[in-house]
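A quick write-up on the structure given underneath.
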Amino acid sequence: MSSAIDKVVKRGQFWHAYLHQTEFWIPKDRPPVKIVEMHGQWRKNAAAFMLRRVHVIEPYYSAAELYMMSQPVPYVTGERADGTLVEHTDPTITHLPTEGSMAADVYDQELHHRSEHPEEWLKSTPLYKALLEGIESDGDVQT
């Protein structure tokens with residue numbers, strides 16, 4: 001893989017993992033902070049920051065998701081005498097749904113909807129929800 005692709009995948013994997021957690025916010029140039037310890041306005045500001053950057057975040061996230069799903073899935077083919085499992089991979093066995101299947105159609109629709117409505121998608125992520133959980137809302141988060 002080229003270094004440019006490596007950078008995209010690495011950045012996308014960061015966003016994928018980050019958006020799927022609910023405990024920490026990572027401020028720029030500072031250590032992570034527990035979301036529950038953040039002041040309400042800071043949490044709103046963090047959510048607004050992500051909304052402003054969603055057009056950058058979503059493509060990285062989607063690229064990494066496709067990359068991760070396209071990696072061969074290991075499967076067990078036996079057991080060694082010491083009890084450890086023998087695993088192999090087949091490049092044709094991945095987490096991607098097979099082309100032409102209903103699952104592939106649904107996934108394509110999801111990717112299309114995510115790219116057409118990135119703010120809606122971002123608001124559905126665990127991190128975004130955690131940032132705004134329990135905060136009195138005086139309307140939408142301002143971007």
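The values are calculated or read from the model by the stated rules, or taken from the named source; none is laboratory data. Everything numeric in this text was worked out from a predicted model, so none of it was measured. Because the Cβ atoms are built from the backbone with ideal geometry, glycine has one as well, and the counts that use them run over all protein chains shown.
Suppose the filter is modelled with pLDDT under 90 and farther than 19 Å from residue 126 by Cβ; does residue 4 pass it? Steps first, please.
Values: modelled with pLDDT under 90: yes; farther than 19 Å from residue 126 by Cβ: yes.
It is true that residue 4 is modelled with pLDDT under 90 and farther than 19 Å from residue 126 by Cβ.
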Top-ranked residue in the range 1-47 [being in a loop (DSSP other than H, G, I, E, B) and among the basic types (Lys, Arg); ranked as farthest from residue 67 (Cα to Cα)]: 30
Those residues of the range 80-106 which are part of a helix (DSSP H, G or I) and modelled with pLDDT of 80 or more, in sequence order: 102, 106
Conditions (1) touching a Leu at 6+ places or on another chain (Cβ under 7 Å); (2) at pLDDT 95 or above; number of the one not met by residue 45: (1)
Unmet requirement for residue 70, which otherwise passes all of (1) at pLDDT 95 or above; (2) hydroxyl-bearing (Ser, Thr, Tyr); (3) exposed (fewer than 13 other Cβ atoms within 10 Å of the Cβ): (1)
Qualifying residue in the range 130-143 (condition: touching a strand residue (DSSP E or B) at 6+ places or on another chain (Cβ under 8 Å), modelled with pLDDT of 80 or more and of a type outside the set (Asp, Glu)): yes
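For the range 74-85, enumerate the residues that are aliphatic (A, V, I, L, M) and exposed (fewer than 11 other Cβ atoms within 10 Å of the Cβ).
Residues of the range 74-85 that are aliphatic (A, V, I, L, M), as a first pass: 76, 81, 85.
Selection gives 76, 81.
So, in the range 72-102, exactly how many residues are in contact with a Pro (Cβ under 9 Å, 6 or more places away or on another chain) and within 24 Å of residue 10 (Cβ to Cβ)? Before you say what the answer is, go through the steps one by one.
Kept after step one, since they are in contact with a Pro (Cβ under 9 Å, 6 or more places away or on another chain), are these residues of the range 72-102: 72, 87-94.
Keeping just the survivors that are within 24 Å of residue 10 (Cβ to Cβ) gives 72, 89, 91, 94.
Going through the range 72-102 one residue at a time, the tally reaches 4.
Regarding residue 111, is this residue outside any helix (DSSP H, G or I) and under 20 Å from residue 13 (Cα atoms)?
Numbers: outside any helix (DSSP H, G or I): no; under 20 Å from residue 13 (Cα atoms): yes.
Spelling it out, it is not the case that residue 111 is outside any helix (DSSP H, G or I) and under 20 Å from residue 13 (Cα atoms).
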Residues of the range 54-78 satisfying the condition of being of a type in the set (Gly, Ala, Ser), out of contact with any Gly (no Cβ under 8 Å at 6 or more places or on another chain) and not in a strand (DSSP E or B): 70
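Among the residues of the range 52-67, what is the count of those that are under 30 Å from residue 89 (Cα atoms) and buried (at least 16 other Cβ atoms within 10 Å of the Cβ)? Write out each step before concluding.
Step one: filter the range 52-67 for residues under 30 Å from residue 89 (Cα atoms), giving 58-67.
So of that shortlist, the ones also buried (at least 16 other Cβ atoms within 10 Å of the Cβ) come out as 58-65, 67.
Count: 9.
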Subset of the range 34-51 that is touching a residue at least 12 places away in the same chain (Cβ under 8 Å) and closer than 15 Å to residue 15 by Cα - its residue that is surrounded by the fewest Cβ atoms within 10 Å (Cβ to Cβ): 51
